[in-house]
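Enquirer: One structure, pasted below without further comment.
FYI, it's all coordinate maths here, none of it is from the lab. Everything numeric here is computed off the predicted structure, so don't read it as measured data. Methodologically, a virtual Cβ is constructed for each residue, glycine included, from the backbone with ideal geometry; neighbour enumeration extends over all protein chains shown.
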Amino acid sequence: MIKITLPDGSIREFPKGVTGYEIASSISEGLARNVLAAKVNGEVWDSTRPIENDATVQLLTWNDPEGKSTFWHSSAHLMAEAIEALYPNVQFGIGPPIENGFYYDIDLGEKQLSQDDFAAIEKKMLELTKEKSAFQRQPISKAEAIEYFTQKGDKYKLDLLKDLPDGSITFYHQGNFTDLCKGPHIPNTGFIKAAKLMNVAGAYWRGDEKSKQLTRVYAITFPKQKELTEYLERLEEAKKRDHRKLGKELELFAFSEKVGMGLPLWLPKGTLLRERLEQFMRKAQVKAGYSPVVTPHIGSKELYVTSGHYEKYGADSFQPIRTPNENEEFFLKPMNCPHHCEIYKTKPRSYRDLPLRLAEFGTVYRYEQSGELHGLTRVRGFTQDDAHIFCRPDQVKEEFTKVIDLVIYTFKTLGFEDYTAQISLRDPENKAKYIGSDELWEKAEQAIIEAAHEKNLTTVTELGEAAFYGPKLDFMVRDALGRKWQLGTIQVDYNLPERFQLEYNGSDNEKHRPVMIHRAPFGSLERFVAVLIEHCAGNFPLWLSPEQIAVLPISEKYHDYAQQVYDRLMQEDIRGYIDNRDEKIGRKIRDAEVKKVSYMLIVGEKEQENEIVSVRKHGEGDLGNMTVDLFVNHFKSIIAETFGQ
């Protein structure tokens, strides 16, 4: 007998060789029907794979991320089987699961696959699912694997085999398809009830432009047809919310080929939006004890050699700026932190001076490949709400906790309620790739874990995901459509203080190294604005809206009164415009709705005589008549409620 520890801490005994499926069956038939895989001692296995020793086991279903990943990995094999049935001479590259679905890289020779072929492949996939073919794992020797794919003529699998050591190779079989794969997989193809091919693209084998370009087929599957229908509906909604589309319609930002790819131009309304975000963060930072700084957009090559960014980002940087002086080179800065290290060094520091918190909205530059650029989410020039905290080792936990407070406050104010904090720790099995002593790492990791726990954050822990210079906490936010984005980040750094020889005089009158904490609640303003646009579909919170009000006179006779109303609102820092066009009031209202203006104040004869305004709210309609003072009070009460005042 062996002991199996379940997630609730209970321990059960089973015969040696028990499978995840059998464990699920002992709990309930419903669980057994839905179990897709088993997490055994932290590693995801087939639910049919025997467990030979005492183990900690988590049974994975569609509701678990690893369950979905296993489902989609198996679906990639199913799609490959369908494609091979329709195109017998096809060769296969790799077919991994991704965040939403999976893809497979294939070589069809002279055949070009297009969306016209999707329906036939989907039909074949669903035909194969009815056979409920089991996914069977087979350990195989390297020689046997090479012989199999040599006979099959699959040069891509043979290329993959070169890197695999003998004794670590497994095949998976289902139906008439066999693949080189380490697994894991779902029990059988019958779990897959709905399939949709999404797109085709080109992909060079192993990312090498000198290699052949394969066809990458993207697809997604679900255990229920209803879930596929809902997913496709969310995709349609996402198209409507696309920040590139709304950014153009709302006149927020633009791109120009003459200015350069990936270099956004912020239009007046977008600039207002951006400035309000900056003002919000500046105000919060002042309360939290940060000191504002400003650094240049360029720095000498020596600065980035010292920091290590030249080595890390040199290939992704713009070409150096050379001056008339020989051997003098500058770079557009890829990071703000080296500049902040030099600010720290401008005078001697004492333990009493720490923590020192330096904050900057600093614009940085990376030469992203043109194919990777995407609206505001991937650009070549972006502004970070960057700050660096220089503190003593005993202050790390307290400072980390304060930054978490700032991130949570930011998310709450902007309507991001669903987020997870990823605690990224070093790989305990490979400490050589990290810098800093075990003692410092253990203190920093414990400080992050305790801070996240004390703030009741929903967390996931990832071993081996720490930066080489220290552990970190990344905030993964889900938007209104359930999509996941990495926004805020907090990182602990022992590397830069060492590289820049940063010091402070301790209470023992000896020199010590400070610890450096990097933090950016927004991340980059560009990316944050893109996510915010799509999250709220361009319907920004009132305090953030570029156009909070539109004063709409019914006719030219009421232009003067409209101006009086507008001037009064401007005195209260309520911003917008007067629509004095020679258009009917219905058209003016429709246009203001399309622009997503928060409030429309309609003025005509009755309003002028009684010194009132007729108020409409975007998306809600008529709110009735109010005096201007009453509207101002209404407006300010909503702003105050947003900020908890």
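Enquirer: Calculate the tail of P(r) for the stretch 138-284: the fraction of all Cα-Cα distances greater than 28 Å, expressed in %.
Expert: 54 percent
Enquirer: In percent, what relative contact order does the stretch 66-233 have, based on Cα pairs under 8 Å that are 6 or more apart in sequence?
Expert: 27 percent
Enquirer: So how many Å³ per residue does the convex hull of the Cα atoms of the stretch 1-112 work out to?
Expert: 122 Å³
Enquirer: Could you tell me the calculated FRET efficiency between Glu620 and Lys123, based on Cβ-Cβ distance and R0 = 51 angstrom, to the nearest 0.05?
Expert: Computed FRET efficiency for Glu620 and Lys123 comes out at 0.65.
Enquirer: Ok, one more. Mind putting a number on the dipole of the stretch 549-642 about its Cα centre? Charges go on the C-beta only, +1 for Lys and Arg and -1 for Asp and Glu, and I need it in Debye to the nearest 20.
Expert: 380 debye
Enquirer: Have a look at Ala284, Asn188, Ala85 and report the one farthest towards the positive end of the charge dipole of the chain, computed about the Cα centre with Cβ charges (Lys/Arg +1, Asp/Glu -1).
Expert: Ala85
Enquirer: Among DSSP beta bridges whose residues both lie in the chain, state the antiparallel percentage, nearest 5.
Expert: Restricted to the chain, the bridges split so that about 85 percent are antiparallel.
Enquirer: Mind jotting down the distance between the C-alpha centroids of the stretch 16-49 and the stretch 53-123, whole Å?
Expert: After rounding, the separation between the Cα centres reads 22 Å.
Enquirer: How high is the FRET efficiency from Asp629 to Arg483, r the C-beta distance, R0 41 Å, rounded to 0.05?
Expert: 0.45
Enquirer: Going 7 Å from the Cα of Lys248 toward and past its Cβ, which residues in the stretch 350-390 have a backbone nitrogen under 20 Å from where you end up?
Expert: Hits in the stretch 350-390 for Lys248 at 20 Å: 370-380.
Enquirer: Sticking with this one: Pairwise over distinct Cα atoms, reciprocal of the mean inverse distance: report the Kirkwood radius of the stretch 549-642 in Å, one decimal place.
Expert: The Cα-based Kirkwood calculation yields 13.1 Å.
Enquirer: Nearest 0.05, what FRET efficiency do Glu311 and Gln151 give at R0 = 51 Å with Cβ-Cβ as r?
Expert: Computed FRET efficiency for Glu311 and Gln151 comes out at 0.65.
Enquirer: What distance in nm separates the two pseudo spin-label positions at Glu29 and Val293, each 7 Å out from Cα along the beta-carbon direction?
Expert: Placing both labels 7 Å beyond Cα along the Cβ direction yields 6.8 nm.
Enquirer: Please report the relative contact order for the chain, taking Cα pairs under 8 Å with a sequence separation of at least 6, and give it as a percent rounded to a whole number.
Expert: 8 percent
Enquirer: In bins 10 Å wide, starting from 0, what share of all Cα pairs of the chain does each bin hold, as a percent?
Expert: Computed distribution, short to long bins: 3, 12, 18, 21, 20, 15, 7, 2, 0, 0.
Enquirer: Under the √(5λ) rule applied to the eigenvalues of the Cα gyration tensor, what semi-axes describe the equivalent ellipsoid of the stretch 66-233? Give them in Å, descending.
Expert: Whole-Å semi-axes of the equivalent ellipsoid: 25, 19, 14.
Enquirer: Something else about it: Expressed as a whole number of Å, what is the distance separating the alpha-carbon centroids of the stretch 542-583 and the stretch 401-446?
Expert: So the two Cα centres are separated by 47 Å.
Enquirer: Where Lys and Arg each count +1 and Asp and Glu each count -1, what net charge lies around Asp385 among other residues with Cβ under 14 Å from its Cβ?
Expert: +2
Enquirer: Taking the highest mean first, how do the peptides 527-535, 430-438 order by number of other beta carbon atoms within 10 angstrom per residue?
Expert: 527-535, 430-438
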